[in-house]
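The values are calculated or read from the model by the stated rules, or taken from the named source; none is laboratory data. Fair warning: this is a prediction, and the values are worked out from it, not measured in the lab. Here Cβ is always computed from backbone atoms with ideal geometry, including for glycine, and neighbour counts include all displayed protein chains.
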Amino acid sequence: MENIIKYIASRVDSIESSSKNYWIISTVILSVIVSLILSRYPDLIFSPRFWAEEIIYLETFFHANSQLDGFDRMVYPSYYNLLSRVAGFFASLVELEFAPIVTTFIGFLILMTPIIIIFMTDCSYWSKLKDKIILSLFLIFSCSTGEIWLNSTNLHFIFPVTSFLILLDDNLSSKVKRFFYSLLIGVGSLTGPITLLMSPFFLLRYWHTRNKQFAVYCAILLVFGLLHVSYYLVAKDLGMMVSNRLGANTGSSEQIAHIFSNNIIFPVFGYFLSIVFRTIADILNSGIDGVSSYLEYLGYYFPEILIEYIKSTFVFIHDANVVIYAIFFLSFFMFIYYQFKRASLDSKLFFILPFFYLSIVMSLLSLKGVGGFRYSYITGFILLFYLYNQLSFVKTEYGKRYLRYILMFSIIIGMLEYYPRMISYTSNNWPIWKEEVGLWRVDDSYNPRIWPSIKKSNGLWPERMSIWYIDLNKPRYWDQYGNRRFSTEVERYFVDKN
């Protein structure tokens, strides 16, 4: 198997980026990637849906006084999400029955943006066709989760990958590339907080390279960052910030377990092993009480004597938690020390530091402080990118083979879990949008339901108890937050502060 992969890799490496064959092959590969993205759950294409908070922005623009008014209205969340608003804006311009097609298409475009950058630009980090294919496979299979797939709700978790690629790309001779990169950085600055959280590394990149284009990025981040921070401060002052951020879980063993599970275990070893890791952490922290729901589920399929044996094993693990934690963290920190010691300065500054910084900060700022798999899309990609990049620096054949096996496993497990990772976020029993709109057209007091909806737990995936819907008669979310506009409230905020 390894020899076959080496042969394929050598053949791919022989294709020069300047040759005609390169562009033909790249076009074919991009077409395959598009097919993979669209075919992951075909109903998202044939029967598009709205996902969760998408309807906040559709509702906002659907009831806006003017086409641009929705960009000024203050609604959930407390940070600004430009691309989600853009999706809501365009969705409001078409017939309601076809509105989810718009948000699905925009979700697809944002998923494709980093892949297009990888294939259509040259950079020392992705100079070969093999590099471009491997990095794209990380994004499609290894790091992806069903929650971010083909919707405009989670664009602010996907777009930072584009920002990270721009951070790495030092081949900036093209004016067109510099213009589009600058535009993308501006968009990222106003699309959720993650690109702004990465801004210190753009400053580091400028100091490290003295390339003036990175100074331009820093200026863009500063200007749009001030605007974004102003929006956040105003929203916080108005009480729009969710109360369970930076809450009781901060610094807890549960939060630490989720940081490891989401940002390291999930992208490398997959969804199921990340759940196993998290379950073991629950056992270490709480004993049997931490996994009672899993034991109840297993009780339906296994004999009682086996369940009792499992319980006694869990009790032993819980009693030995101090020793297990000591061994685990000692091994982990030794591994990190080894990686940091041998890594190049570029790898330290623009891979290792961003990975740990974003993993910790995003977990701290997440709902309930425990993050989620969507939060790890950027950090998982950084981790796998770093490991792949180390293949060029590891000198021993054993070390190279070890890294290849890890990366191969990550991609293969991502392929095997490609559909299972969608199960929690899809259901044949959930509402069909066109039918819901039809009910509203018959009775305009009816509120069309959207995804997600009610779903029972089957042991491996959590249950869903909430019913999401959209109010087509009034701007419910804008009313909920007091019918405020940023352009008005920002002036009041700074006048009051002075």
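The table for this structure:
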quantity	calculated
Unmet requirement for TYR300, which otherwise passes all of (1) in a loop (DSSP other than H, G, I, E, B); (2) surrounded by 11 or more Cβ atoms within 10 Å (Cβ to Cβ)	(2)
Unique residue being surrounded by fewer than 12 Cβ atoms within 10 Å (Cβ to Cβ) and either among the aliphatic types (A, V, I, L, M) or without any contact (Cβ under 8 Å) to a residue 12 or more places away in the chain (or both) when the list is VAL323, VAL315	VAL323
Options ILE37, ILE24: the member that is at pLDDT below 95, part of a helix (DSSP H, G or I) and out of contact with any Phe, Trp or Tyr (no Cβ under 6 Å at 6 or more places or on another chain)	ILE24
Filter result for ILE467 (of a type in the set (A, V, I, L, M, F, W, C) and either closer than 17 Å to GLY270 by Cα or in contact (Cβ under 8 Å) with a residue 24 or more places away in the chain (or both))	no
Failed criterion for TYR477 (all others in (1) among the aromatic types (Phe, Trp, Tyr); (2) closer than 30 Å to GLY188 by Cβ; (3) in the same structural domain as LEU137 (by TED's automatic domain parsing); (4) not in a helix (DSSP H, G or I) hold)	(4)
Enumeration of residues in segment 351-375 that are assigned to a helix (DSSP H, G or I) and either surrounded by 21 or more Cβ atoms within 10 Å (Cβ to Cβ) or not hydrophobic (A, V, I, L, M, F, W, C) (or both)	PHE351, PRO354, TYR357, LEU358, SER359, MET362, SER363, LYS368, GLY369, PHE373, ARG374, TYR375
When residues of segment 275-297 are limited to those that are among the small types (Gly, Ala, Ser) and at pLDDT 75 or above, the one surrounded by the most Cβ atoms within 10 Å (Cβ to Cβ)	ALA281
So SER445, is it under 23 Å from TYR271 (Cβ atoms) and in the same structural domain as PHE50 (by TED's automatic domain parsing)	no
Hits in segment 253-274 (condition: surrounded by fewer than 17 Cβ atoms within 10 Å (Cβ to Cβ) and either at positive phi or at pLDDT 90 or above (or both))	PHE272, LEU273
Enumeration of residues in segment 329-347 that are part of a helix (DSSP H, G or I) and surrounded by 15 or more Cβ atoms within 10 Å (Cβ to Cβ)	GLN339, ASP346, SER347
Positions within segment 133-156 being under 16 Å from ILE115 (Cβ atoms) and part of a helix (DSSP H, G or I), in sequence order	ILE133, ILE134, LEU135, SER136, LEU137, PHE138, LEU139, ILE140, PHE141, SER142, ILE148, LEU155
Qualifying residue in segment 401-415 (condition: surrounded by fewer than 17 Cβ atoms within 10 Å (Cβ to Cβ) and in a loop (DSSP other than H, G, I, E, B))	no
In segment 66-91, residue surrounded by the fewest Cβ atoms within 10 Å (Cβ to Cβ) [restricted to those that are modelled with pLDDT under 95 and small (Gly, Ala, Ser)]	SER66
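Let's see how each residue does on (1) modelled with pLDDT of 90 or more; (2) under 30 Å from the mean Cα position of the chain (by Cα):
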site: TRP433; (1), (2): yes, yes
site: LEU439; (1), (2): yes, no
site: VAL442; (1), (2): yes, no
site: ASN458; (1), (2): no, yes
site: ILE470; (1), (2): yes, yes
site: ASP479; (1), (2): yes, yes
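Okay, residues lined up against (1) in a helix (DSSP H, G or I); (2) surrounded by fewer than 22 Cβ atoms within 10 Å (Cβ to Cβ); (3) not assigned by TED's automatic domain parsing to the domain that holds LEU358:
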residue	(1), (2), (3)
ASN171	no, yes, yes
LYS177	yes, yes, yes
TYR181	yes, no, yes
GLY186	yes, yes, yes
THR195	yes, no, yes
TYR217	yes, no, yes
LEU221	yes, no, yes
